[in-house]
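Asks: Sharing a structure, written as structure tokens. Questions coming.
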Amino acid sequence: MTDLTLTTYGVVIATLRGDQDGAHRLLDGLSHVETAQVALGATLALADTLKAACCPDYIDHIIRTLQGFALETTGGTQS
């Protein structure tokens with residue numbers, strides 16, 4: 001049985017270290033539901049970590065940057 005909490009943190013840490021292959025290996029053998037749970041958990045863990053480690057102004061900068069990436073990727077426009 002896989003501990004999804006440990007897998008979630010492992011995926012975040014591997015990705016932060018630039019080890020995408022390692023992150024993918026952690027997901028090998030998981031069901032689609034488990035993979036979705038890890039994806040959501042990883043997103044929440046990273047967001048919580050950033051909020052705890054960064055000042056609010058920097059968090060706002062990160063949000064604007066992510067919004068810009070989303071707009072670039074989708075071809076959308078900022079209103």
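The values are calculated or read from the model by the stated rules, or taken from the named source; none is laboratory data. None of the values given here were measured: they were computed from a predicted structure. Counting neighbours? That spans all protein chains shown, and the Cβs are built from the backbone with ideal geometry, glycine included. When the accessible area is computed, the model is the full protein with side chains, heavy atoms only, and any ligands, DNA or RNA have been set aside. Shrake-Rupley method; radii C 1.70, N 1.55, O 1.52, S 1.80 Å.
Asks: How much area per residue is accessible in the chain when the probe is 1.4 Å and only protein heavy atoms are counted (Å²)?
Replies: Heavy-atom accessible area per residue stands at 78 Å².
Asks: Here's another thing I want to ask about it. Evaluate the distance, in nm, between pseudo-label points positioned 7 Å from the Cα of Ala36 and of His61 along their respective Cα→Cβ axes.
Replies: 3.6 nm
Asks: Ranked from the most accessible area to the least, with a 1.4 Å probe and all protein chains present, what is the order of His61, His32, His24?
Replies: Result, largest first: His32, His24, His61.
Asks: Suppose the chain between Leu46 and Thr73 were pulled fully straight at 0.36 nm per residue; how much longer would it get relative to their current alpha carbon spacing? Kindly include the intermediate steps, with their values, before the conclusion.
Replies: Working: separation 27, 0.36 × 27 = 9.72 nm, distance 2.13 nm.
Answer, rounded to one decimal: 7.6 nm.
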